[in-house]
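See below for the structure under consideration.
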Amino acid sequence: EASPPQVPRVAVVVFLLKGRSVLLGRRRSSVGHSAFALPGGHLEFGESFEECAVREVREETALEIGKGGKVEFLTVTNNVMLSEPKKCHYVTIFMRALVDEGGEQVVQNAEPEKCDGWDWYEWDQLPHPLFGPLDKMVKAGFDPFPL
Ligand code: 8DG
Ligand code: MG
Ligand code: MG
């Protein structure tokens, strides 16, 4: 059986920020299994980064972003993951959306086969292990919060 072609793929992931905390979920997927990661997924044909961010967040958490506030581009990183069970390479687009602190939006674990559940974590008390691409940024001192 022929193996699938190895190509870099584009991922869009979202820092959902509420006060000084960020939404993370423990992954069940083979890539980054049991590590804490942001909601996000693959950029689909024809999508803008913002559209992809809104869609993935809705599909995975049932939160609606982009209605009240803006969904902003933060940065992009190159993630070559050759030690994963399935070798992969992602160009990862990091977006940000601010969630109302007193808002009544409830986070749901809408894809329980892909994630153990979502929770808010204080930025200075992040859980471990963080998924590689996110861990790399945190260790480099990246700060996703607005000034
Ligand atoms: P989809 O079918 O919904 O498009 O994909 P998914 O099942 O939601 O894909 P995913 O694994 O959640 O995200 C796609 C890739 O994005 C993932 O395999 C690696 C890359 N990625 C990072 N950092 C992060 C992150 O913090 N969270 C998520 N979810 N993916 C990330 O490089
Ligand atoms: Mg997804
Ligand atoms: Mg995902």
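The values are calculated or read from the model by the stated rules, or taken from the named source; none is laboratory data. Here the structure is a predicted model, which is why all the values come from computation and not from measurement. Glycine gets a Cβ as well: all are built from the backbone with ideal geometry, and neighbour counts include every protein chain shown.
Pick from Ser3, Ser30: which is within 15 Å of ligand 1 (Cβ to nearest atom), among the small types (Gly, Ala, Ser), exposed (fewer than 12 other Cβ atoms within 10 Å of the Cβ) and at pLDDT below 95?
Ser30
Given the residues Glu101, Glu111, Glu122, which is the only one that is away from ligand 3 (no atom under 16 Å from the Cβ), at pLDDT 95 or above, at negative phi and not hydroxyl-bearing (Ser, Thr, Tyr)?
Glu122
Considering only the range 107-132, state which residues are in a loop (DSSP other than H, G, I, E, B), under 18 Å from Glu56 (Cα atoms) and of a type outside the set (Phe, Trp, Tyr).
Val107, Gln108, Asn109, Ala110, Glu111, Pro112, Glu113, Lys114
Hey, which of the strands (runs of 3 or more DSSP E) in the range 3-90, taking only ones fully inside, have at least 3 residues that are in contact with a Phe, Trp or Tyr (Cβ under 9 Å, 6 or more places away or on another chain) and over 17 Å from Pro129 (Cα atoms)?
Hits in the range 3-90: 9-18, 71-81.
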